[in-house]
Each structure stands twice: as C-alpha cells, then as structure tokens.
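Before I ask anything, let me first share the structure, which is written out below as structure tokens.
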Amino acid sequence: MLALRSSQRLGLRFLLPAVYKNVGLANSYSSSSQSKDDDGGYSSSDDEKPKKKAPKKPEETAAQRLNRLLGSMQATDQMSAADFPRPGDANRRRKEALKQDAASKNVLTAAKNIASMLGTSESDKKQTESELLAKLLGHGPAAPPAASGEAQASDAAASGGAAPEKELNLSELIVGMKIDRRQQPQQVEQTRGEYVRRTMGSRSKHSDRYQQRPQRHTKREAESFTGSVNLFGGEPLGIFKEPLPISGDILSTWSQLSERELSLHAAHPPANYFEQMVLWTEQGKVWRFPIDNEQDWVDEVNVDFSEHIFLDQHLEDWCPSRGPIRHFMELVCVGLSKNPYVTAQEKKDHILWFRDYFETKKDILKDLMENEPSVKVKSVSA
Amino acid sequence: MYLSRQLRLLPKASIGRSITTSSTHYTTTTGAAVAPAGEHIEIPNRIERSPTDILKALASTVGRDHTAPHYKYHDDPFLIPMSNMAKRTYAMSKEAGRKAAKWIKEEHRELFLHQEAQPAIEKFAPSMVYTEESEVDESSLGQLIELGELKDAVLVYNLLEQKGMAVSPELKQSLLELVCFHNNQDPLPEEYIEERWFLQNNQRRERHGKTWKDGDLAEKLYAEIEPKTPQTYAALIRGMAKYLQCERAYALLQEAGEKQIQLDTNTFNSIIQIISFLKDNAEQRWQLCTELLQQMSQQKLRPNLGTLNAILQCISTFGNFKLARSSALKVLPEFKQLGVSPSLGTYYYLLIIFCRERGPVSHVIVDILNEIAGREFTVEHPKDTYFFATAMDVCRNHLNDKALAKKVNELLHTGNNYDLVGDSFKESIYYRNYLALLCQTESIEDFMLTYDLLVPNIYIPEPGIMEEVLRTIEINAAVEHVPRIWSDMVVFDHTHRESLLLYVLRIMVDNRPNAETPSQSQLPEQCAKVALDMYNKIEESVRRIKKVSFTGQMLGDILTLLVRGDNYEKASEVFSHIDKNQHRIPGTPAESALQEYVEASIKEKSPSQALAALQYAVDNNMESSVIAKRIHDGFTLNEAHLAKLKSLVGESFLEK
C-alpha cells in the first residue's frame, strides 16, 4: 500500500536519469506527475482516478524501481549479517527461521497488494507480483530476469543505475513516502447508541476469547450449588475390621531423616528477629534459652570449687616445706587459684610440671645451694 | 542496699493500701502471712520449656507489617525489592553471602581454630574433614550417620572396608537407610533456606522418570547384609519406591511376601504411592491398591496417615472420574473408623480428585472448609503444603466463588497455618488466584483495599494479573485509580508490555474525568503526567533490549491526554514527533485526538500547529473537513495560512 509522494518521485527521477532514458518513458511520466503538482498533491479522491488510470507503462517502471531498491536493500542486509559466529547463534537462527516463516507469508500478501494496486489487467498483476517476490525472496542481484522484454529492459536499467543507488538505503527511501489509507472505511461520528452497541459487542468478544482457553471453559458464573459431599459418612471399604496395634517405623534412621525433611517442607525464611533467633538456636549457632551459666558445662560438672582454689594439696608430697622453691610454688598456686580459664585438672598438671622440672634440675640446684651457704641443703631433699 | 530495702518494702506497702481500702482489722505487719483458713495455695508444676519456646512466644507477638518489606530484605529504601525478579535476586544474594562465608570458613580452617565463646559453639568450628588418611572407627561412622552426612559417611565406610575393620550389622543397616533415603546423592544443605524457598521457581519439572541408581552402593550394601532382615527389605523397597524404580520395588515386596518377611506400614505406603506407575488403568490400579491393603490387614499392620494419603494419591491418578469419587468416599470413612485424622495433604488430594477441569463441577471444597475451618495445622505429610494453592485455584477457576476464597484465606491466616503455604512459587500462585478472583467479583473499592494490603510487599502481580486489574478498572470506569496503578506498573517493570500500555491509555482516554467533582479535579493533570511518563519511557526503551515502539494509536492517546491535562507545550512536541516519524510509526492517531489537539491549538492561538495537524490529517487520508472548518472558524487567519488551508482542502469548503 505504498505510493510515492510526488515531490519525492521527482527527486528520485533526478537521481535516476539513466533509468528513464533507457526505458524511454521519461516524458510521459513527468507529464503525469506534473499535473499532480499543480493541484498540490493528490489529496482529494477526484485526483485518484487519473492516477490509477495513468498509462500502465510508467507504473511498471515505478514497480521496477521499487524492485531494484528492495533488491539492493537485501544485499546490504546480507553483508551486515555476514558476521562471526557468536554464542547463542544457533538458537537465534532457529528463532529467526520461525519468524521468517511468518514473514514470508506477510511478504506474499504484501506483494499481492502492491501488484493489485499497480497493475490493471490480471496478467499484469501476476507479473508484478512474481517480480516482486523474485526480488524479495531471491535475495538480491541474483534474481532471475523475467521472461518478458519489458522486464529485461528494466533489469538492464537496474544494472545501469546500480552504482549511484548503493547509498540509497531503505530509510531514505521511505522517509518521503506517505502511507496510503484511502481504503479505510470512513469513520462516522459515533452516536451514543452505537457506542453502547459496540461496547456490548466487544464484551461478548471478550467472553469469546475466554471460552477459547480450555482452562476458562470450566469457569461458570454463579454456579448452582451441586450439593454437599458426605466425606466421612459413607460406606467404609471394609478391609480393616479388627482394631490393630499401633506399631512404629521399623527403620529408625529413615524415619529420623524423613521427619527432618518434613519439617523443612514447612520451613520458610524467618519473618522477624525472634524467628531468626529460633532458627539460629536450632542450627546451634547461639546459646540456648533459658539463660543458664552452666550450659554445656560438661568438663567440670563434677569438680568442686575447692579443687580450683586450694591447690596446696598438690605440693604436699614433693615440695619442701620452706625455702625458695616452696615460696615460688606457693605463688604459682595463688596465681592458678585465681585463674578461671583453666580446669582443675589443668591446674594440677601445671603444678606437677614444676615438680618434674625441679626434679630434672636437681643437680644444678644442689650445686647452687652449696655455693650459697645461707640456704640449707636440707630444703632440696625431695 | 537501699534499693533492695525498697524492694522488700514494696509488697508490704501495697498490701497495706489494699487492706486500708477494704477497711478490715488486719494489721499491715502481718498482712502477708495471714490468709483465710482453708484456702489452699496450689503451686503449679513446672512446665518444661524447650530452648525456643520463649522465642516462639515472642515471635507470635510480631504480626506481619503489610507496609514493610519482608524481614529478610535489607531495611533501606534503596535495597527494597520491587519486582518478583528483584525479590528473588536479593534474597539469593544474601544467601550467596552466607555460602561465601561458609566457603572461607572451610577453605581457611586454620583461621577459625580459636574459640571465643565459652561454652564453645561447635557450629563455628571448622568441620571435620575426612580423607583417605583419616583415622576412623565405627563410632565416627555412627556419628556421621546420625548427622545425616551422606558423603562423609560413605567415605568413612569405604575406609573401614579397606582397613578390614568390621562394621556391625546395625550400623550397616543405618547406612543402608541413609543411602536409600538420599539415593546416594548429597541433599541440599538444610541451612540454605532461601534457596529452598525459591527452588521451585526454576525447577518446575517434577520427578517423573526413574532416578534410582541401579547397582549402586545401596544395592551393594543390601547384598552384603546377611541374613536379610525385614529392615533390609524395607529400606531398599522404600528407596526404590521413592526414586521411582517401581517394578523392582514391587518385585522386592512380593519376594518379601513369599519369604514370609513381615514388613511395616510405611513400606506398604511407599508401594501404594507408586501404583500408578505399576498399572495402566484405573480398575487395575484400584484392584492392586485393595490387594495391598488386604495384605496389610492380614499382617496386622495398622494403617496411618501416610497410607490414607498414598491411597488418595493413587485414586487421584484415575482417569475414570466416577470410580475415583466413589472409591475416595469409601476410603475416608474406613480411615475415620481406624482413627486416622486427615492432614491438609488429604484434603489436597480430595480437591484434585473432585474438582477436575473436564469433570463436573463439585462443591466439595465447601464441605472440606466446614470440616477444617478455624483449625490449626502442622505439617504431617509432604503434600500438606499443596493445599492452599490448590484450594485457591479451585475457588477461582472451578467455582469462581468469592466467599469461599475468603474462607480459605481466613484459614491460611489462622494460627501457624501460614507455615504450610509452601514455598515462594506456591505462595505466588495462591495470591495470583486470590487477587484475580477478587478483582472479578468484588467492587472496585473493596478490591483496592485488598490490593493495597498485598501489593507490593507480599505479592507482586504478574503482567497477566495487572491486565485483569486494569480490566476491572475499565469496567468500573474507575479512572481515579489509574495513576496509582501506573506507578505500580513502573515500579514492577511492566512498562515494556505494549498491551498493558495501550490498556492504560485507553482507560484514561475513554473515561474522561469529570472536572466538576472535587475528587476528580486533579485527574486530567495526573493523567497527563502518566501519559508524559509513558512517552518518555518508550523513548528511553529504544536503548534497551526489551524495546517498545510507538504506534499511532498510542501516540494519539498520549496526545489527547496531554491536551486534556493542559500541557500544550508537550502535546505539540508529541505531535511533531508523530508528524516527523510518519514512516516509522504504524497506524495513525484517532481523529478525535487530532481534533482535540486542534481545539487546544485554537485556545493557544497557534495556527501553524493547527495547520500542521490538518496537513497530517490530509496526508493520511483522514477526515479533514471538520478540522479545517474548526481552524477556519477558530482563527482569524492571515494570507499565508489561508493559502495553505486552501491548498490542503481546496476552495470548495470555504463556500459552504
């Protein structure tokens, strides 16, 4: 449904002098377009008739010109499309193939429309249509020339004028075009009644669409109540008659696992801080409520406080009752008794380590004592 | 000291006061001790509380705030998710952070050896790693099975085998159960709660085919255990049934029957569940089902909830509608006699048995709701979480009944029933059906109340539901809601849907607001803003992947709205866009749009704009005489304009 705006037509003609010379139709064409320019474009319907009845031949050239331009467009598209393979290409190509199926149908109808617009006789229409299709679907310059002499001439014209045309892209071509909407039925001012009728009509169309969908098919407005179902009062199956003993699951690990899985089915992200705390408690990431200082107190549950405080008892059987070592060890005991971070057993081990240490250093200590007379040897008797 | 004395004095003082007011002769000093004779103070027994009881009690005091996003999202306006996609992305990225932290904890275990907490929190210590060289014994295997650590348990078991250490039959049995339960595949760790919540969204396919690993560890373990105990059989049968190795599971059950091995109820349940894979038509299935029940009855096995739901699951696969109904109604009383109380999963199966797309309409949901209204449920069966989504689906698509939907919604919000809504996928199905049903059946005001409550923090409508909402608005001519809905659409990223855009425009154009009523006096302006916003959005969208292109209709509507909103400047900008890009824009604006634009041009006294509109109308073969006449009457045109007018429509019209 494309028709060239007259001014643009002239512009195109200047671009393509060769075409018209070759075909030898420039005169008749320009005269027809001239007449239109006089009354400022073909706006009124009166103007349409002369245009439609205008000599067949110039119209043919217009079609051919369009052919050629469309052909060159295809060629440039192809060039840009020739690209390196990219990820997802295969998928995209598949989609495109689908799209093209639909597109080719559109192309067919479009070509038919153009043909019916341009040609008057049936054979002309057919020919134009086939030419258009050959150009469009044959992808560019390789399109086979049509059999008629006129078509050959147009092909020659196309090849002659090809060089200046290269730059003429689709957008430039279309910019000057107007969309011909003449065939539209004349919209009349709507009356209120018509509006109502139309909306009613569109409503019913809506509901039609509903019924096409299988899911909606079952939807019924204001469904009558089908009667209640007596769920538990019917005739029982009669398989289990005598009372049976309750028996547990024979697989302990399995039942434990399935219980855990079941609880996960009802688990959802915590909705407030308390639920977050519940979750953390269950995951063992925080201490448990109620607050209890003896929580998880496993190592020393049975250890009396006295074992932490009174550490002298560990000295009795090895430490001299007085002297520097005794003094040192007492200080160690005081320090340990105030340390809450180690267990009673660790404290005891600590002290016993000193015992072993002094045992190994006995000789050195004895030497020292001898050199220092003030200290009696007696103290290191242990 | 002072404080404690005060505290000690406090009760006495209050007692004294109460006594003086009642004007009795009790003295204040002995008030606490003296009690009427015969009154017996009963000290209640201590109630043992679990560590989470107090937290749960506190949590129950916090309701859902409809105006705030879910707790899991960061409380920052910039980080509040506003589309379903964003909700998922944000939640999952938070979880991804947790995963990253966990990875670092495992990868750099040497940094986490210190124990700050006293008592230590074992969860924070790096977990034990078992390798080929680890020193292992039976007890560590037992521990791992207890924890459900499948991979490590299998590793340790293999190590023990290699070292020739004996594994006790009990431990082997436990391991067999563990391996059968998980099909020797590590399950999703429990703590990834968000991942599980969103899992169904992308994993729509249910398990349909067999996933059981034939000849894998489970069967090896099974072969090793001699003599075969009932437990051995039961574990393998259940594993095979769970992962749909149906034929072999059934064969094994028959084998056990021949060898007089006493199995248990849950094992029978697992076979009843897969009857639909064993037999082809309804009659055969039902026959096998009753046979299995007979066997159970002979072996003195007491059926449980699992049996009931398994039978109903089997019945729900019957193509024969009448047989399905009648057998379901036989099964239910049978189990009532046995004292098995149904769970929500049972009702879910009833719904799918009774309310089928192609079957007759059934109001069974009414009876179900009468049965369970106001009750609180806990999860007892894996299918319990399917109930609410299915019930709402039945309310909308099967019965289209608003009152029932409200009842279902009430049940969902009873007690902790919301826990059983399932996951994000089922939740959104539930709300999709709920909103769609309400917008078809409720008045627009009532509907908008619900809409405000649910959107956007609980549920974000999909474009399809948005269209339903718009349809409701159109039917009710409630154009005052359009600005609100439009802002929601922008936020939810629905603006690249051409059908929705056209719908919004159509509603605003067709329902011209009445400027006299005070509630609508702002509307033309607001509509113009919406239109302008839409215009800008579409222009921006050129740069995006999801491109929306203008159509003549759309631009005409935008033009109309801008004119009505007294935004002439923008309107003429839009018109020049239409005029310049005629070859790009499919379709033309409505004639009424052009007429309104010309009217506005007359008001603004800009004849050249009006003439441009006329030129456009003429070029596109639209009805131009009305416009031309308006221009001629409305303006006092100068020579140039008059000449243009003449050249466009011809002399003839002036003579009229």
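Just so it is clear, none of the values below were taken in a lab; they were calculated from the coordinates. Computed from a predicted structure; not experimentally measured. So basically every Cβ, Gly included, is an ideal-geometry build from the backbone, and we count neighbours across all protein chains shown.
If we restrict to alpha carbons, what Rg and Dmax does region B:25-157 come to, in Å?
26.9, 85
In whole Hz, with x marking every Gly and Pro, tabulate ³J(HN,Hα) for region B:232-244 from phi via Karplus 6.51 cos²θ - 1.76 cosθ + 1.60, θ = phi - 60°.
4, 4, 4, 4, 5, 4, 5, x, 5, 5, 5, 9, 6
Calculate, for B:Gln185 and A:Glu242, the FRET efficiency according to 1/(1 + (r/R0)^6) with r their C-beta to C-beta distance and R0 35 Å; round to the nearest 0.05.
FRET efficiency, B:Gln185 to A:Glu242: 0.25.
A further question follows. Starting from the Kirkwood radius over alpha-carbon pairs of region A:272-382, derive D by Stokes-Einstein at 25 °C in a medium of 0.890 mPa s and give it in µm² s⁻¹.
Working: Rh = 17.4 Å.
This corresponds to a translational diffusion coefficient of 141 µm²/s.
Just rank B:Val62, A:Val332, B:Val364, fewest to most, by other beta-carbon atoms within 10 angstrom.
Ascending number of Cβ neighbours within 10 Å: B:Val62, A:Val332, B:Val364.
Just to verify a number: FRET efficiency for B:Asp579 and B:Phe78, C-beta to C-beta distance, R0 = 35 Å, to 0.05?
Calculated transfer efficiency: 0.30.
Semi-axes of the equivalent ellipsoid of region B:483-580: what are they in whole Å, largest first, if each equals the square root of 5 times a C-alpha gyration tensor eigenvalue?
22, 17, 10
Give me the dipole magnitude in Debye, nearest 20, for region B:51-153 about the Cα centre, with unit charges on the beta carbon: positive for Lys and Arg, negative for Asp and Glu.
980
Turning to a different aspect of this structure: If each residue's Cβ is checked for other Cβ atoms within 10 Å, how do A:Ile239, B:Ile365 rank with the fewest at the top?
Ascending number of Cβ neighbours within 10 Å: A:Ile239, B:Ile365.
With point charges of +1 on the Cβ of Lys and Arg and -1 on the Cβ of Asp and Glu, referenced to the Cα centre of chain B, which listed residue (B:Gly97, B:Ser83, B:Leu338) lies farthest in the positive direction of the dipole?
About the Cα centre, the residue reaching furthest to the positive side is B:Leu338.
On the first, second and third principal axes, largest extent first, how far apart are the outermost C-alpha atoms of region B:592-656 in Å?
The principal-axis extents, from largest down, are 25, 25, 19 Å.
Could you tell me the center-to-center distance, by alpha carbons, between region B:278-296 and region B:592-656 in angstrom?
If you average the Cα positions of each part, the centres end up 83 Å apart.
Thinking of region B:507-656 as a set of Cα atoms, what percent of all their pairs are more than 27 Å apart?
Taking all Cα-Cα pairs of region B:507-656, the fraction more than 27 Å apart is 26 percent.
Tell me the Rg and the Dmax, in Å, that the Cα atoms of chain B produce.
36.6, 119
Considering every residue in B:357-368, what mean count of other chain Cβ atoms within 10 Å of its Cβ is obtained?
Going residue by residue through B:357-368 and averaging, the value is 4.
Each label point is 7 Å from the Cα along the Cα-to-Cβ direction; what then is the distance between the points at A:Leu368 and A:Tyr273, in nm?
5.8
Further, regarding this structure: How crowded by other chains is A:241-252, given as the mean number of beta carbons from other chains within 10 Å of each beta carbon? Each step should come with its number before you reach the end.
Working: counts 2, 2, 4, 9, 3, 4, 8, 3, 7, 12, 15, 5.
Whole-number average of other-chain Cβ neighbours for A:241-252 is 6.
Separate question: What is the Cα radius of gyration of region B:568-611 over 2.2 N^0.38 Å, N being its residue count? Numbers along the way, then the final one.
Working: Rg = 10.5 Å, N = 44, 2.2 N^0.38 = 9.3 Å.
Rg over 2.2 N^0.38 Å, computed on Cα atoms: 1.13.
Using the number of other C-beta atoms within 10 angstrom as an exposure proxy, rank B:Ile271, B:Ile54 with the fewest first.
Numbers: B:Ile271 25, B:Ile54 15.
Ranked by crowding around the Cβ, least crowded first: B:Ile54, B:Ile271.
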